[in-house]
1. Residues in region 134-145: is at least one in a helix (DSSP H, G or I), under 13 Å from the mean Cα position of the chain (by Cα) and closer than 30 Å to Ile62 by Cα?
2. Going by the structure shown, is Val75 of a type in the set (Val, Ile, Thr), crowded, with 16+ Cβ neighbours inside 10 Å, touching a residue at least 24 places away in the same chain (Cβ under 8 Å) and not in a helix (DSSP H, G or I)?
3. Could you grab me the full set of residues in region 57-72 that are in contact (Cβ under 8 Å) with a residue 24 or more places away in the chain, in a loop (DSSP other than H, G, I, E, B) and surrounded by fewer than 20 Cβ atoms within 10 Å (Cβ to Cβ)?
4. May I ask you to verify whether Ala152 is of a type in the set (A, V, I, L, M, F, W, C), more than 23 Å from the chain's Cα centre (by Cα) and buried (at least 16 other Cβ atoms within 10 Å of the Cβ)?
5. Tell me yes or no: at least one residue of region 83-90 is closer than 14 Å to Val38 by Cα and not hydrophobic (A, V, I, L, M, F, W, C).
6. Which numbered condition in (1) surrounded by fewer than 16 Cβ atoms within 10 Å (Cβ to Cβ); (2) within 21 Å of Ala105 (Cα to Cα); (3) not aromatic (Phe, Trp, Tyr) is the only one that Gly26 fails?
Amino acid sequence: MTLDDILTGLFPNGRKIATNGAQISGQAVLPDVGPVHVLGITQGQPLGVDEAIVLAGRVIEIVKSGDRAPILLLVDSASQHMSKRDELLGLSEYLSHLAKTLLLAEAEGHRTVGLLYGGSAAGAFIATALATGTLVALPGAHPAVMDLPSMARVTKLPIDVLKAKAEATPVFAPGLDNMVKTGGIQIVWDADAPLAPQLAAVLRQPQGQDDRSRLGANRGGRRKAAELAERIARAAASPQEARHG
């Protein structure tokens, strides 16, 4: 599906969304829900300091508006823009700032939903899609926190060893199915069904605690994360009990 197909399917009642290079921003009306803020990084472009600071600024403007309308973040990117200029300017801080603005928006009452419809990888994936309160995807999306050749360079392990580990351990592997198994993606939408009701269904879910680790446990992709997080939370709440438990 093209970006225009997706936007038309999501917002049949109309939209005012501007495109600036690989970035989009604007507002639309979702049937039975109302206004929705729409942002995105598209066209498979990398996310650099220039894009990150603009997106973060727009999220802050939305939070300042006080309307508490949902924010839909469309994602089809490469990884972060690993140029010498971006690194010298502090790319990691820009990406962190963008992620924090999305977390702030969620805390201030804006439901933040990431829709991954293309690719995304590494820091760009973490600072956009994974920083939203709920991440959904369309078939054909291809996320990767780190691809296997990059893992091989970092770990110094042979690519064949890493491929075997990726087949056995979803948390270790790139790809849509593995990200669903780990709980990082809540649901993959049906591309043959109308998109607007699928987004409305996500927004009707009660806003609560991040349940990605629990989803990962239930799906067999992250067997220990939820249990360990609960143990740490209990220990933090009752340090005396934890010492003697």
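The values are calculated or read from the model by the stated rules, or taken from the named source; none is laboratory data. Everything numeric in this text was worked out from a predicted model, so none of it was measured. Methodologically, a virtual Cβ is constructed for each residue, glycine included, from the backbone with ideal geometry; neighbour enumeration extends over all protein chains shown.
1. no
2. yes
3. The answer is Asp67, Arg68, Ala69.
4. Yes.
5. No, region 83-90 contains no residue that is closer than 14 Å to Val38 by Cα and not hydrophobic (A, V, I, L, M, F, W, C).
6. (1)
For (1) part of a helix (DSSP H, G or I); (2) at pLDDT below 95; (3) surrounded by fewer than 22 Cβ atoms within 10 Å (Cβ to Cβ); (4) β-branched (Val, Ile, Thr), each residue gets a yes or a no:
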| residue | (1), (2), (3), (4) |
| --- | --- |
| Ser96 | yes, no, yes, no |
| Ala99 | yes, no, yes, no |
| Leu102 | yes, no, no, no |
| Ala105 | yes, no, no, no |
| Gly109 | no, yes, yes, no |
| Gly114 | no, no, no, no |
| Ser120 | no, yes, no, no |
| Gly123 | yes, yes, no, no |
| Ile126 | yes, yes, yes, yes |
